[in-house]
Amino acid sequence: MHDLYPGNKYDGEIILHPDNTNILDKRVDPIEVRMRISMVFQKPNPFPKSIYENVAYGLRVRGEKNKRVLDDKVEEALKGASLWDEVKKRLHDLAFNLSGGQQQRLCIARALATDPEIMLFDEPTSALDPIATMNIEELMAGLKEKLSILIVTHNMQQAARISDYTAYMYLGELVEHDETDKVFTNPSKKETEDYITGKFG
């Protein structure tokens, strides 16, 4: 590893497949990278627009003007986020009229609309009730068949339920990374075992 950006506090490589793009390489256009990755934040953050315009936003930013294409992509994304049946008759209502769980699924639909290769989730259920959490987890389980998902969570039970691989990090350092079952049942590092068993953290 070497420092690609002197003064920054990270180094190494983050490789995107299938073209082996290192997104930390200073020659890589960050705009192009951002077009391949979508993000869903901890708290739902719908825009102060209609349900339809929230989902269409990224497509419009990319220059899409064809109404039929927009309509099809909005419907496809809302179906992908398991929200279509709940909102199809009120697409022009303000997004803020939705419940918290619905708003988070709307944000997932907005992220899906631009056909990302990777979706980043930053504690996407920490502000939701158990039923909404279950809905989001079921949604992520279906989405991971179509794209790569990276989720940050402090909820160990959630990590055990929904992930294929788990990385345990502490103070910015990667302590352990392996298949989820192995990390939770037979961790290779004592620090990981102490955290999982509640001796630390």
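The values are calculated or read from the model by the stated rules, or taken from the named source; none is laboratory data. What you see is a predicted model, and the numbers here were worked out from it, not measured in a lab. Cβ sites come from the backbone with ideal geometry, for glycine too, and all protein chains shown count toward neighbours.
Quick check on this structure: which one of T133, T153 is surrounded by 15 or more Cβ atoms within 10 Å (Cβ to Cβ), within 13 Å of the chain's Cα centre (by Cα) and over 22 Å from M35 (Cβ atoms)? Outline the logic, then answer.
Details: T133 fails: within 13 Å of the chain's Cα centre (by Cα).
The unique qualifying residue is T153.
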Near pairs, Cβ below 6 angstrom, 6+ apart or cross-chain, from the range 138-160 (of a type outside the set (A, V, I, L, M)) to any residue that is part of a helix (DSSP H, G or I) | T153/A159
Qualifying positions in the range 74-85 - surrounded by 15 or more Cβ atoms within 10 Å (Cβ to Cβ) and more than 14 Å from the chain's Cα centre (by Cα) | V74, E75, E76, A77, L78, S82, L83, W84
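What strands (runs of 3 or more DSSP E) lie completely within the range 116-201 and have 2 or more residues being charged (D, E, K, R) and outside the structural domain of V55 (by TED's automatic domain parsing)? Don't jump to the end; show me each part of the working.
Numbers: elements: 118-122, 148-152, 165-170, 173-179.
Result: 173-179.
Take the conditions exposed (fewer than 13 other Cβ atoms within 10 Å of the Cβ) and farther than 23 Å from N45 by Cα and apply them to D164. Does it pass?
Values: exposed (fewer than 13 other Cβ atoms within 10 Å of the Cβ): yes; farther than 23 Å from N45 by Cα: yes.
Yes, satisfied.
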Name the residues in the range 36-64 that are surrounded by 16 or more Cβ atoms within 10 Å (Cβ to Cβ) and touching a Gly at 6+ places or on another chain (Cβ under 9 Å), would you?
-> S38, P44
Q102 being modelled with pLDDT of 95 or more, in a helix (DSSP H, G or I) and surrounded by 14 or more Cβ atoms within 10 Å (Cβ to Cβ) | yes
When the range 105-115 is checked residue by residue, the ones that are free of Cβ contacts under 8 Å to residues at least 60 places away in the same chain and not in a helix (DSSP H, G or I) are A113, D115
